[in-house]
Amino acid sequence: MSKTLVLVVEDEPAIAETIVYALETAGYEAVHAETGTDALGIFAERSPGFIILDVGLPDRSGFDVCREIRRLSEVPILFLTAREHEIDRVVGLELGADDYVVKPFSPRELTARVQAILRRTQGSAAEVPVSATPEGRVKRGRLELFPHRYQAHCDGTDLGLSRYEYGMLKVFISHPGRVFSRDQLMEMVWDEPEAALDRTVDAHIKTLRRKMHGIDDAFDPVKTHRGLGYSFDDGI
Ligand code: CA
């Protein structure tokens, strides 16, 4: 089995070095980014299997970086926080992070946490039909997502989705059966949700459906819940 690649996003060189060394000693492959922008670049290129993310970065906050990554991937994310008051945000905001560690921490504690999260997430991935491949692909039933290319395939054929269509499909597939309101979809998928309108979501749902019907006109996994929103149910 190949080693899990861990992306370490930390702007303090001494801390980053300690973490990278501890991870490599524990049998992981590690790559280091000093800024949020670098982190997103490496994320897109190398598709890490785990991300350790400092909250305080020089160019943008770790929360921001987490939000960006969560639009595309369910990769486990562990936050490093320097201050107690940041913990409330990590825990309270629905950022989708898996855990956090407060500085200062011991390298051993950190790698133990990484191991525990990987065991948990890999274990749970096996229990549900949604499974992430090592390249970060997500497969559910007839649909397969390629996060790094913003592409979705149905029965092996590229659906040619726009960015927003792709984003919504990603949200749906990650939470089968859950109903999302238009506001929630805008918040999770759009860059400037406040500028979008309810009917923008409806319009993209319509084109998303049309593209899936192009493959098979009986395939309609996106369900409309009148007055509530949309959910995903492909019958699996
Ligand atoms: Ca920092």
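The values are calculated or read from the model by the stated rules, or taken from the named source; none is laboratory data. Remember, predicted model here, so these are calculated numbers, not experimental data. Neighbour counts run over all protein chains shown; Cβ positions are idealised from the backbone, glycine included. Heavy atoms of the whole protein, side chains included, go into the accessibility calculation; ligands, DNA and RNA do not. Shrake-Rupley method; radii C 1.70, N 1.55, O 1.52, S 1.80 Å.
Laid out as a table, the results:
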| quantity | calculated |
| --- | --- |
| Filtered residues of the range 60-80 (kept if among the aromatic types (Phe, Trp, Tyr) and crowded, with 21+ Cβ neighbours inside 10 Å) | PHE79 |
| Residues that are part of a strand (DSSP E or B), without any contact (Cβ under 8 Å) to a residue 24 or more places away in the chain and of a type outside the set (Lys, Arg), drawn from the range 133-185 | GLU144, PHE146, GLN151, ALA152, HIS153, ASP158 |
| Any hit, the range 34-56, residues being in contact (Cβ under 8 Å) with a residue 60 or more places away in the chain, touching a strand residue (DSSP E or B) at 6+ places or on another chain (Cβ under 8 Å) and closer than 17 Å to SER106 by Cβ | yes |
| Any hit, the range 186-198, residues being in contact with a Phe, Trp or Tyr (Cβ under 6 Å, 6 or more places away or on another chain), without any contact (Cβ under 8 Å) to a residue 40 or more places away in the chain and not in a helix (DSSP H, G or I) | yes |
| Yes/no for ASP216 being open to solvent by 20 Å² or more (accessible area, probe 1.4 Å) and closer than 20 Å to ARG142 by Cβ | yes |
| Subset of the range 194-214 [small (Gly, Ala, Ser) and under 21 Å from GLN151 (Cα atoms)] | ALA203, GLY214 |
| Residues (away from the ligand (no atom under 13 Å from the Cβ) and either in contact with an Asp or Glu (Cβ under 8 Å, 6 or more places away or on another chain) or assigned to a loop (DSSP other than H, G, I, E, B) (or both)) located in the range 72-81 | SER73, GLU74, VAL75, PRO76, ILE77, LEU78 |
